[in-house]
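This report concerns only the one structure given below.
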Amino acid sequence: MRSGPPSGVEHPSLVPAQLLGDPAAAPERSPGTTSGTGRSRVRRSVRDWAVDVAAFLFAIAFGLVVVGITLSEPGPHPDALIAADIAAGTIGCLLLWLRRRWPVGVAVVLALIGSFSDMSGAAVLIALFTVAVHRRLPPVLAVAGLNLASFVAYCLLRPTEDMPLPLFLGFGVVLIAAVVAWGLFVRARRQLVLSLRERAVRAEDEQQRRVEQARHLERTRIAREMHDVLAHRLSLLSMHAGALEFRPDAPAAEVAQAAGVVRASARQALEDLREVIGVLRDGGDGDPSTRPQPTLADLPTLIEECRRAGVRVRAEYRVPELRSAPAATGRNAYRVVQEGLTNVRKHAPGTVAAVLVTGGPGTGLTVEVRNPTPAGGEHGTPLPSAGTGLVGLLERVSLGGGHLEHGWTTDGEFRLRAELPWPAAA
């Protein structure tokens, strides 16, 4: 998750600080919480400073006005009570600066001061409003009940002659209820904003993860395609180059033929490599190939190409028609045979590979490539192998809805077998 001001806020100084932080930084913290066990403090924004200054000045001004009105009324005004009222009210107003960090504690102290102080009247309501915004309902109701009890004590200690006691009590109850309701409304709106922001951030992160995953899958597919194609081309090139190296006394016609195959294989490998590099430069979002992909009908051409390279291959096709296989199934079958014959050239030179293709619509397509243990002595140096060809082939076949198995049989042959889906014709 991201932290810091949301990117869409033009004037973050005018937004409450709690809406500018990371919505997932402290999941156990309810919106507006700034202190307590397991909770992190939130620095005031410019808007918060302006609100706090205004609240403090309003509480001081309102308290002085109320005290002035009380002194102007006829009747005895004990100096000790007035001095205690002003002193306690001033302390209560100063406590408003701590209301964001300790809202419940400040509200409780102000409720006790409000039981006898006229000057703390506005500060009491501001503290109660803060509790309603920053805390859950149970502590809000507890503080509201304490304020009601404090107001009853105030009415008994300092009765007024201008308004009957029941009416004055009713006015106080309505005022406290209105402040609590207003605070709960503000809290609900802030919770909604935080919830919407968190959902937006999660959606954006999820979208980025999906993009990264798609890019990774695309690059993996390109790498698998590059391995399937280039390993085949380069292994053919290596075999013909090896023949030229180990048979320097070969007839000129054979040397020319081998050199022609080397040249053609090198050119084809360069074209395949150019395609893949072009896709990678485009970020993996473009068409991975501009040429038609191989199908099952191209299998005889592949086997004939391997035979010209010196690989002995016996092929048998038990399918109604090679061209009738679905494109995806045929392409996967082609890659299975291609990888199998490439491994024969790498690891079992001189052996006779057997390719068997069976199946049909509705029954599926089965492809097998078998070869006995290598006879040895065909290559002075074995061709390099990263060991990832069969892994990529397994992933390819699995994505196509098929099944792949490979390993040594009891007859001493290495078998590569793939079962691919071939739906029945509609």
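Details
Listed here are the residues, each with its yes/no results for (1) at pLDDT below 85; (2) touching an Asp or Glu at 6+ places or on another chain (Cβ under 6 Å).
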| position | (1), (2) |
| --- | --- |
| T358 | no, no |
| P372 | no, yes |
| G400 | yes, no |
| E413 | no, no |
| L416 | no, no |
| A426 | yes, no |
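- Residue check, G364 in contact with a Pro (Cβ under 9 Å, 6 or more places away or on another chain), under 15 Å from R417 (Cβ atoms) and assigned by TED's automatic domain parsing to the domain that holds L299: yes
- Checked against (1) at pLDDT 80 or above; (2) closer than 26 Å to V397 by Cβ, L196 meets all criteria but (2).
- Residue ID - modelled with the lowest pLDDT, chosen from residues in the range 153-172 that are surrounded by 14 or more Cβ atoms within 10 Å (Cβ to Cβ) and not hydroxyl-bearing (S, T, Y): R158
- Within the set D85, D118, the sole residue that is outside any helix (DSSP H, G or I) and either among the aliphatic types (A, V, I, L, M) or surrounded by 15 or more Cβ atoms within 10 Å (Cβ to Cβ) (or both) turns out to be D118.
- Cross-chain or 6+ apart pairs with Cβ under 7 Å, the range 395-422 first and under 17 Å from Q338 (Cα atoms), then of a type in the set (F, W, Y) and not in a helix (DSSP H, G or I): F414/W408
- Scope the range 307-340; condition of a type in the set (S, T, Y) and buried (at least 22 other Cβ atoms within 10 Å of the Cβ); matching residues: T329, Y334
- Options R189, R135: the member that is touching a residue at least 60 places away in the same chain (Cβ under 8 Å) and either hydrophobic (A, V, I, L, M, F, W, C) or assigned by TED's automatic domain parsing to the domain that holds F58 (or both): R135
The values are calculated or read from the model by the stated rules, or taken from the named source; none is laboratory data. If you're wondering where the values come from, they're calculated on a predicted model, not measured in any experiment. Cβ coordinates were reconstructed from backbone atoms using ideal geometry, including for glycine residues, and neighbour counts include every protein chain displayed.
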